[in-house]
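Participant: To start, I am sharing the structure in question, which I have written as structure tokens.
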Amino acid sequence: MLLAGGTSSRMGQDKARLAYGPEPQLKAAFDLLKRHVQDCWIAVRPDQQEEPLRAMFPQLVDVQPGIGPAAGLLAAHAALPDAAWLVLACDLPRLTDRTLATLIAARDASLQAVAFRSPVDGHADPLCAIWEPEALRQLAAQVHQGQSGLRRALSVVAVHLLEPPSDHALDNANTPAEHAHLKTRLATGHE
């Protein structure tokens, strides 16, 4: 599942529509993910369902808007409560087949999640991870108590933590300046 329901408030424009290559990032990310999973969806807010780019893809609609990316994960868990979900932010333009294959190969259903260690803070990155049903139940309980943070949910379950294949494998951009910098680095082939 691709998380595509954000408001992109810091970017000032829809991050799913940004193009780092010939197509919008949402389409590039969807095409990448669908090569690795049986079924692929995007998570959207209710007001995004008819938006032309998002309408091109199978959707899971947030049932608890206003809680950030947790809403997408909980919509997925409600749709298929016994499924493990490979969850990706839609704005990871450096993500590769190799990175996803590494994540999938490391899945251990006896643990609650598998995720890459964030090079920024060393914690599990919840936006490129496989969430097992138990981790999603933990997230639901946490949200019920008023806490919607994904990192917090992963901090209290057993996670297989992987080193990312490179320091920049999970780079994203949240502001126009970060977008311009990342786009330039991608175009010139710099890590």
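The values are calculated or read from the model by the stated rules, or taken from the named source; none is laboratory data. Only a predicted model underlies this, so the values are computations on that prediction, with no experimental measurement involved. No Cβ is skipped: glycine too gets one built from the backbone with ideal geometry, and neighbour counts run over all protein chains shown. Surface accessibility is based on the protein's heavy atoms, side chains included, excluding ligands, DNA and RNA. Shrake-Rupley method; radii C 1.70, N 1.55, O 1.52, S 1.80 Å.
Participant: Regarding Q112, is this residue of a type in the set (S, T, N, Q), open to solvent by less than 30 Å² (accessible area, probe 1.4 Å) and either under 24 Å from L60 (Cα atoms) or in contact with a strand residue (DSSP E or B) (Cβ under 9 Å, 6 or more places away or on another chain) (or both)?
Facilitator: On the way: of a type in the set (S, T, N, Q): yes; open to solvent by less than 30 Å² (accessible area, probe 1.4 Å): no; either under 24 Å from L60 (Cα atoms) or in contact with a strand residue (DSSP E or B) (Cβ under 9 Å, 6 or more places away or on another chain) (or both): yes.
No.
Rundown of residues vs (1) more than 25 Å from S148 (Cβ to Cβ); (2) out of contact with any Gly (no Cβ under 9 Å at 6 or more places or on another chain); (3) touching a residue at least 60 places away in the same chain (Cβ under 8 Å), yes/no style:
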| residue | (1), (2), (3) |
| --- | --- |
| K27 | yes, yes, no |
| A55 | yes, yes, no |
| A78 | no, yes, no |
| D91 | no, no, yes |
| T96 | yes, yes, yes |
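Participant: So, in region 123-134, exactly how many residues are open to solvent by less than 60 Å² (accessible area, probe 1.4 Å) and more than 23 Å from P93 (Cβ to Cβ)?
Facilitator: So in region 123-134, the residues open to solvent by less than 60 Å² (accessible area, probe 1.4 Å) come out as 124-133.
In the following step, the residues that additionally are more than 23 Å from P93 (Cβ to Cβ) were identified as 132-133.
Of the residues in that region, 2 qualify.
Participant: Additional query: Please go through region 29-39 and pick out each residue that is of a type outside the set (D, E) and open to solvent by 60 Å² or more (accessible area, probe 1.4 Å). Write out each step before concluding.
Facilitator: Step one: filter region 29-39 for residues of a type outside the set (D, E), giving 29-30, 32-38.
The answer is K34, R35, Q38.
Participant: In region 1-17, what count of residues is obtained for those that are over 16 Å from the mean Cα position of the chain (by Cα) and open to solvent by less than 60 Å² (accessible area, probe 1.4 Å)? Steps first, please.
Facilitator: At the first step, the residues of region 1-17 found to be over 16 Å from the mean Cα position of the chain (by Cα) are 9-13.
After this cut, where a residue has to be open to solvent by less than 60 Å² (accessible area, probe 1.4 Å) as well, the list is 11.
Qualifying residue count for the region: 1.
Participant: Just one of (1) open to solvent by less than 60 Å² (accessible area, probe 1.4 Å); (2) over 11 Å from A4 (Cβ atoms) trips up I42, so point out which.
Facilitator: Unmet for I42, out of (1) open to solvent by less than 60 Å² (accessible area, probe 1.4 Å); (2) over 11 Å from A4 (Cβ atoms): (2).
Participant: May I ask you to say which residue of G72, G68 is surrounded by 16 or more Cβ atoms within 10 Å (Cβ to Cβ), in contact with an Asp or Glu (Cβ under 8 Å, 6 or more places away or on another chain) and of a type outside the set (D, E, K, R)? If you could, list the steps in order and put the result at the bottom.
Facilitator: On the way: G68 fails: in contact with an Asp or Glu (Cβ under 8 Å, 6 or more places away or on another chain).
From the options G72, G68, the qualifying one is G72.
Participant: Confirm whether Q142 is of a type outside the set (K, R), touching a Gly at 6+ places or on another chain (Cβ under 8 Å) and closer than 26 Å to T7 by Cα. Write out each step before concluding.
Facilitator: Working: of a type outside the set (K, R): yes; touching a Gly at 6+ places or on another chain (Cβ under 8 Å): yes; closer than 26 Å to T7 by Cα: yes.
Yes, satisfied.
Participant: Based on what the data block shows, is A140 among the small types (G, A, S) and modelled with pLDDT of 95 or more? Don't jump to the end; show me each part of the working.
Facilitator: Working: among the small types (G, A, S): yes; modelled with pLDDT of 95 or more: yes.
For A140, the condition - among the small types (G, A, S) and modelled with pLDDT of 95 or more - is met.
Participant: So which of R117, R137, R98, R185 ends up being open to solvent by 60 Å² or more (accessible area, probe 1.4 Å) and closer than 19 Å to L73 by Cα? If you could, list the steps in order and put the result at the bottom.
Facilitator: On the way: R117 fails: closer than 19 Å to L73 by Cα; R98 fails: closer than 19 Å to L73 by Cα; R185 fails: closer than 19 Å to L73 by Cα.
Selected residue: R137, the only one of R117, R137, R98, R185 that is open to solvent by 60 Å² or more (accessible area, probe 1.4 Å) and closer than 19 Å to L73 by Cα.
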